[in-house]
1. Could you please find all residues in the range 6-39 being surrounded by 15 or more Cβ atoms within 10 Å (Cβ to Cβ) and either assigned by TED's automatic domain parsing to the domain that holds SER81 or within 20 Å of the chain's Cα centre (by Cα) (or both)?
2. Within the range 113-132, take every residue that is within 16 Å of LEU77 (Cβ to Cβ) and touching a Pro at 6+ places or on another chain (Cβ under 7 Å) and give me the one that is modelled with the highest pLDDT.
Amino acid sequence: MLLLGCSVCVAHTCRCGALVDAQGIHDSVCKQALSKIARHQAINDVIARAITAAGVPAVTKETVDLTRLDGKRPDGLTLISWQGGKPLTWDVTVVSTLANSYLHSTSHSAGSAAETASNRKETKYSSLPPDFIFQPIAIETLGPRQRICSKLFK
């Protein structure tokens, strides 16, 4: 609907105080949007089901055993070896193609916001023990994702 320029909501003030126009773009950017958590959990469920369907039977989400120094943890972990005797862990992020911080790059290159977010996740989880394979999964709200997940298919 957004690509067609259709109105998807009535203009209003968001709970964060920002003005929301009739196209509703703000919802994909707002950190207080209730739909943001639901979208994230749905994508994480799809990833976990895909890994299970690929023959890796034991997958856990939001594991408490694997945390960074600041207490944050990846979205998922295979409980058996994925490759080279190491389990796979991943973290999903969905970034808005239309966010002010990405707009310049996404207007020049499709998927650039997802690539940037993927690189940030790599840095964010660089302190994880080397006994794990970490794979960031970044998707833009208007479709593109980061380039092929190279660690998954070595």
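The values are calculated or read from the model by the stated rules, or taken from the named source; none is laboratory data. Only a predicted model underlies this, so the values are computations on that prediction, with no experimental measurement involved. Because the Cβ atoms are built from the backbone with ideal geometry, glycine has one as well, and the counts that use them run over all protein chains shown.
1. Result: ILE25, HIS26, ASP27, SER28, VAL29, CYS30, ALA33, LYS36, ARG39.
2. Among residues in the range 113-132 that are within 16 Å of LEU77 (Cβ to Cβ) and touching a Pro at 6+ places or on another chain (Cβ under 7 Å), the one modelled with the highest pLDDT is LYS121.
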